[in-house]
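Coordinate-derived values only; no laboratory data. This one's a predicted model, so the numbers in the text were calculated from it and none came from an experiment. Because the Cβ atoms are built from the backbone with ideal geometry, glycine has one as well, and the counts that use them run over all protein chains shown.
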Number of protein chains: 2
Amino acid sequence: MPVQTLTIIGVGLIGGSIGLAAKTRGAARHIIGVGRDPRTLERAIADGMIDESTTELAKGVAEADLIIVCTPVDRVATDILSTFTAAPKRSVITDAGSTKGNIVRALAGKLPTTAPAFIGSHPLAGSEKKGAAHARADLFDNRLVIVTPTAESDLEALGVVELFWQALGARVIRMDPVEHDKALALTSHLPHAAASGLAAVTPLSMLGLTAGGFRDSTRIAAGDPDLWAAIFEANRDAVLAATDNFLERMTEFRRLLTTDDRAGLVRWLAEGKKVRDALGS
Amino acid sequence: MPVQTLTIIGVGLIGGSIGLAAKTRGAARHIIGVGRDPRTLERAIADGMIDESTTELAKGVAEADLIIVCTPVDRVATDILSTFTAAPKRSVITDAGSTKGNIVRALAGKLPTTAPAFIGSHPLAGSEKKGAAHARADLFDNRLVIVTPTAESDLEALGVVELFWQALGARVIRMDPVEHDKALALTSHLPHAAASGLAAVTPLSMLGLTAGGFRDSTRIAAGDPDLWAAIFEANRDAVLAATDNFLERMTEFRRLLTTDDRAGLVRWLAEGKKVRDALGS
């Protein structure tokens, strides 16, 4: 059963792809896009991502059944709070942010009991490319979406959110918001920082001497600095812990190399290979 | 003009691909493979990589015009020295190792002036997959091969080596061996260590929560630990210097995050993005 009225707040890569996927798969009857730039919104209508648009959040959510907040992680909580006061009581609110604990903390004690229900979501899909121009109807095909209900979450709303992501082609699992953030610090946020670090220490004059290894290991360093700075700050404690683990690991590499410990280096490399081999190619 | 007799010492991913490429492109009339495992060599003949094989290096190079040493970097110098005493004076020797300075140092003063000429080569092509089973005739298509002549190098031999790689479809540039090693420490060796470090600090239980970013940034961690430990040791000083730059860069990330310096984090990320954007996608 498709969503009657879907409102997407923030029509960029993720929001635009949600619109395209919902259209293509018939997951929503009517889609409203909320954004700040009227030209971007007009283009999103022309590209078939949304049916109508507004720059006023309150107006955009007034008739919505499902609202997805797709703004940068440092704006998600504010946009959810604005949505609470403007959306119909029957509606369900979710988001698409890369961090979840910060939203739960920001909303704690501020959720009116009679208000629309909120369930956090994080689709593990994206691109180093930014903006609705790179949106794709198949962005969520067979990708994982992590939903992060808490003890207080409305189970009916949880079902609405899970079914919607599945209707876009995604697989859905549930996690505790804090566990989500700890895991993603290792599987997504730290790799981004390391990729950026690798790129930054490489002089531009040496780029001609790179091959596939450098290309792949630094690809995500092309991501948007503002979006990623916000993600790192929103998940600061877990990212710091992951960074410390990584720095310790690389310092061990340095020590093994300094002491010419061949067997130790082979073991060190074999531990990384074991994990990567388990992931598959 | 094709090479009359080509001998490939070490018929693995690189050696096997050289054989396939030379066959496909008519770059050699007769190809001899030298290896340690007769079954691997038989398979290489069956797969059309080489025409004949031997486990005796001296026998394999006795009639060769061009010899390419494709063994792991910690065996290249020894195999070159064995080749010097067994190969015809007219022949030209090169290699395909990822490090070049260690070979120049190992050979210094040991090159008989009347012996075959040696010119170092490093094809920037490969795979995290190991062995002749993964060899490909197009491995060098439009890839870069760095040749590393020294002041003592024979210019005619240099031409033979450069034309051979070009005949396999590669682009060729010349570099000083030490400059090569400094650059590759940053563009290849450090990224490998960082990819391994990222993979190793990730618990196996979290692999289900990874997406394309983790997959790409850790792909090369699946490489062979023995081959890579040898590369790190062969290029130890430059890899240590690159690792120190990287550790400093990541420590700066840690400091910016700890102090909640949003503007600093955005700048830090923008510096990495600038380099990665310059490389292109």
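Comparing A:Arg249, A:Arg262, A:Arg174 in a Gaussian network model of chain A (Cα springs below 10 Å), the most mobile by mean-square fluctuation is A:Arg262.
Report, as an integer, the average count of C-beta atoms from other chains found within 10 Å of each Cβ along A:121-134. Don't skip to the end; give the middle numbers.
On the way: counts 0, 1, 1, 7, 2, 3, 2, 7, 1, 0, 0, 0, 0, 0.
What the average comes to for A:121-134 is 2.
What the Cα atoms of the protein assembly as shown give is an Rg and a Dmax of 27.9, 93 Å.
Relative contact order, percent, of chain B when contacts are C-alpha pairs under 8 Å separated by at least 6 residues?
Value for chain B: 16 percent.
3J(HN,Hα) couplings calculated from phi for the stretch A:29-37 with the Karplus curve 6.51 cos²θ - 1.76 cosθ + 1.60 (θ = phi - 60°) are, in sequence order, 7, 9, 10, 10, x, 10, x, 9, 10 Hz; Gly and Pro show x. Sorted from closest to farthest, the other copies place their B:Val178 label points 5.5 nm away, with each point set 7 Å from Cα along Cα→Cβ. Each residue of the stretch A:119-251 gets 139 Å³ once the volume of the Cα convex hull is shared out per residue.
Relative contact order for the stretch A:180-279: 33 percent, from Cα pairs under 8 Å spaced at least 6 residues apart, divided by residue count.
Amide hydrogen proximity for A:Ser53: with H placed 1.01 Å from N in the peptide plane, the residues at 5 or more positions away or on another chain lying under 5 Å are A:Gly33.
Averaged over peptide B:182-191, how many Cβ atoms belonging to another chain are found within 10 Å of each residue's Cβ?
On the way: counts 1, 7, 5, 1, 8, 13, 7, 1, 8, 13.
Mean number of neighbouring Cβ atoms from other chains: 6.
Taking the Cα centre of the stretch B:3-175 as origin and assigning +1 to Lys and Arg Cβ atoms and -1 to Asp and Glu Cβ atoms, the resulting dipole is close to 240 debye. In angstrom, the C-alpha Rg and Dmax of chain B are 20.8, 68.
Each copy carries a label point for A:Leu204 at 7 Å from Cα toward Cβ; from one copy, the others' points are 4.6 nm away, ordered from shortest.
Among the aspartates and glutamates, select those whose C-alpha is under 19 Å from the C-alpha of B:Lys23, and discard any that sit fewer than 8 residues away in the same chain. List returned: B:Glu42, B:Asp47, B:Asp51, B:Glu52, B:Glu63, B:Asp65, B:Asp95, B:Asp138, B:Asp141, B:Glu162.
Between copies, A:Arg90 shows label-point distances of 9.2 nm, shortest first, with the point placed 7 angstrom from Cα along Cα to C-beta. Distances between placed amide hydrogens fall under 5 Å for A:Val172 paired with A:Val145, all partners being 5 or more residues away or on another chain. Per residue, the convex hull spanned by the Cα atoms of the stretch A:70-147 amounts to 111 cubic angstrom. Calculated FRET efficiency, A:Thr113 to A:Leu163, Cβ-Cβ distance, R0 = 25 Å: about 0.55 to the nearest 0.05. Averaging 1/r over each pair of different alpha-carbon atoms in the stretch A:180-279 and inverting the result gives 15.2 Å, the Kirkwood hydrodynamic radius. Each distinct pair of alpha carbons in the stretch B:1-92 adds a 1/r term; the inverse of their mean, the Kirkwood radius, is 12.7 Å. Do the sum for chain A: with -39,500 (n - 2.57) for every DSSP H run of n ≥ 4, divided by all residues, what is the mean residue ellipticity at 222 nm, to the nearest 500 deg cm²/dmol? Taking each H run of at least 4 residues, the total per residue is -15000 deg cm²/dmol.
Overall shape: oblate for the stretch A:51-114, with the ratio a/c of the largest to smallest alpha carbon gyration tensor axis at 1.5 or above and b/c at least equal to a/b. Restricting the calculation to alpha carbons of the stretch A:100-190 gives Rg and Dmax of 14.2, 39 angstrom.
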